[in-house]
Amino acid sequence: METRITKLLGIQYPIIQGGMAWVAEHTLAAAVSNAGGLGLIGGASASADVIREEIRKAKEMTEKPFGVNVMLMSPHADEVAQVIVEEGIKVVTTGAGNPEKYMDLWKNAGVKVIPVVASVALAKRMEKYGADAVIAEGCESGGHIGEQTTMCLVPQVADAVEIPVIAAGGIADGRGFAAVRMLGAEAAQIGTRFVASKEAVVHDNYKERIIKAKDIDSEVTGRSNGHPIRVLRNKMTREYLRLEKEGAPFEELEYLTLGSLRKAVVEGDVVNGSLMAGQIAGLIKEEKTCEEIVKEIITEAEALLGGK
Ligand code: TUI
């Protein structure tokens, strides 16, 4: 299953792990890379020192390439951008913004830059600024999302740019993987499926909510204030959506979700915590190792694609 992405990144399978805040730490990143995909450390809002430590720990756990995701709304994004170069990281994905101001720094250091885009316009702009590939992320994804679905966004981005396209949002098995290959993607970025992996250092309560999730358990908070975040329904989302309807101030609402992601991931508070997860959570039925996840997706997709 060779594509321009496997060649660009020097990986065996065209599967990229999502750079999920609090979830994508060194253990998960190393496990995905060891399974033949590209693991990523999620920078989220962590300090540059924390990211440096995470990178060093991942290096001890894998010889394979792995990357760092820079969440561009982080107050520490400038320092994290620098740490990536200092630590010799060879691939960066970015999210929740436009990474133009870091392009020269990274390109000059030989870092492959792969921005997440939620529109054709940003994909074209990123290509012009020297991006090596783009991740077209549909609104089926967990966490901070754009407006368009994976089904509609991926083929339009694939038609609009020459660089390889990675699809994200709603992919958790070989069928989803094969589908996005048919839409023109040369790899898939997968998030939620890896949250429910054995190696993800995530509270068991969180994993269990993903495994028990039904198709209709996904909810989007923050649509009205321009900060849509996809999560699994719980007491927090009910409260959030009620406050949102009443026109509560943005700060109050923002605190309710972002402040509570840690509560869900680390403490296992699935009642008040923010259970960021994609719409595909309903498809995930058991915890598996990253190796099992990657192998099963590739085997199923190969059978479906028949050498395509
Ligand atoms: O970034 C994500 N997903 C995330 S980040 C996150 S943690 C967080 N912390 C504080 C504030 C907000 C979030 C949880 N989930 N996915 C990548 C992604 N990027 N999805 C959509 C976008 C995006 C949207 C608009 C990228 C660029 C963009 O426009 C940039 C511009 O300036 O035109």
key: Alpha-carbon centroid distance for the pair region 119-145 / region 271-308, whole angstrom   = 22
request  = Per DSSP H run of at least 4 residues, take -39500 (n - 2.57); add these up for the chain, divide by its residues and hand me the 222 nm value, nearest 500 deg cm²/dmol.
outcome  = -12000 deg cm²/dmol
message = As a test of reading the structure, rank His26, His203 by solvent-accessible area (1.4 Å probe, protein chains only), most first.
response = His203, His26
query = Which value in nm describes the separation of the simple spin-label points at Glu251 and Lys285, placed 7 Å from the Cα toward the beta carbon?
reply = 4.8
note = Any residue on another chain or 5+ positions along whose placed amide H is under 5 Å from the amide H of Asp269 is listed here as Ala264
request  = May I ask you to evaluate 6.51 cos²θ - 1.76 cosθ + 1.60, the Karplus curve with θ = phi - 60°, for each residue of region 142-148 and list the ³J(HN,Hα) values in order in whole Hz, giving x for glycine and proline?
outcome  = x, x, 5, 10, x, 9, 9
query = All other residues with a Cβ under 14 Å from the Cβ of Ile284 taken together, and with Lys, Arg as +1 and Asp, Glu as -1, what is their net charge?
reply = 0
remark   = Around Cys152 (Cβ within 13 Å, Cβ-to-Cβ, excluding Cys152; K/R +1, D/E -1) the net charge comes to -4
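If you wrap a convex hull around the alpha carbons of region 214-276, what volume per residue comes out, as a whole number of Å³? Kindly include the intermediate steps, with their values, before the conclusion.
On the way: hull volume 4.4 nm³, N = 63.
Value for region 214-276: 70 Å³ per residue.
Can I get the semi-axes of region 169-225's equivalent ellipsoid? Compute them from the C-alpha gyration tensor as square roots of 5 times the eigenvalues, in angstrom, largest first.
On the way: eigenvalues 104, 64, 24 Å².
So the equivalent ellipsoid measures 23, 18, 11 Å along its semi-axes.
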message = To check my understanding: the extent here is largest minus smallest coordinate of the Cα atoms along each principal axis. What are those three numbers for the chain, in Å, largest first?
response = 49, 43, 39
key: Theoretical gain in end-to-end length, Met151 to Lys128 [0.36 nm per residue, Cα-Cα removed]   = 5.9 nm
ask   = What's the center-to-center distance, using Cα atoms, between region 166-214 and region 24-76 in Å?
value = 18
query = Taking θ as phi - 60°, what are the ³J(HN,Hα) couplings along region 72-77 by the Karplus curve (6.51, -1.76, 1.60), each to the nearest whole Hz, with x for Gly and Pro?
reply = 6, 7, 5, x, 9, 4
ask   = Ordered by residue, what ³J(HN,Hα) values in Hz, to whole numbers, does region 279-285 give under the Karplus form 6.51 cos²θ - 1.76 cosθ + 1.60, where θ = phi - 60° and Gly and Pro are x?
value = 4, 6, 3, x, 7, 8, 10
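Count the DSSP beta bridges whose two residues both fall in the chain, then state the antiparallel fraction as a percent rounded to the nearest 5.
On the way: 7 of 33 bridges.
In the chain, DSSP labels about 20 percent of beta bridges as antiparallel.
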task = Only Cα pairs under 8 Å and at least 6 apart count here; give the relative contact order of the chain as a rounded whole percent.
result = 17
ask   = Farthest toward the dipole's positive end in the chain, which of Gln156, Ala118, Ala200, given Cβ charges of +1 (Lys, Arg) and -1 (Asp, Glu) about the Cα centre?
value = Gln156
inquiry  = With every protein chain left in place and a probe of 1.4 Å, what is the accessible surface of Asp78, to the nearest 10 Å²?
reply    = 80
request  = Tell me which residues come under 5 Å, amide H to amide H, from Ile41 once H is placed; ignore anything under 5 positions away on its chain.
outcome  = Gly67, Val68, Asn69
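The values are calculated or read from the model by the stated rules, or taken from the named source; none is laboratory data. Bear in mind the structure is a predicted one, so any value in this text is a computation, not a measurement. With ideal geometry, Cβ positions are generated from the backbone for all residues, glycine too; neighbour counts draw on all protein chains shown. To get the accessible areas, we keep the full protein, side chains included, count just its heavy atoms, and leave off ligands, DNA and RNA. Shrake-Rupley method; radii C 1.70, N 1.55, O 1.52, S 1.80 Å.
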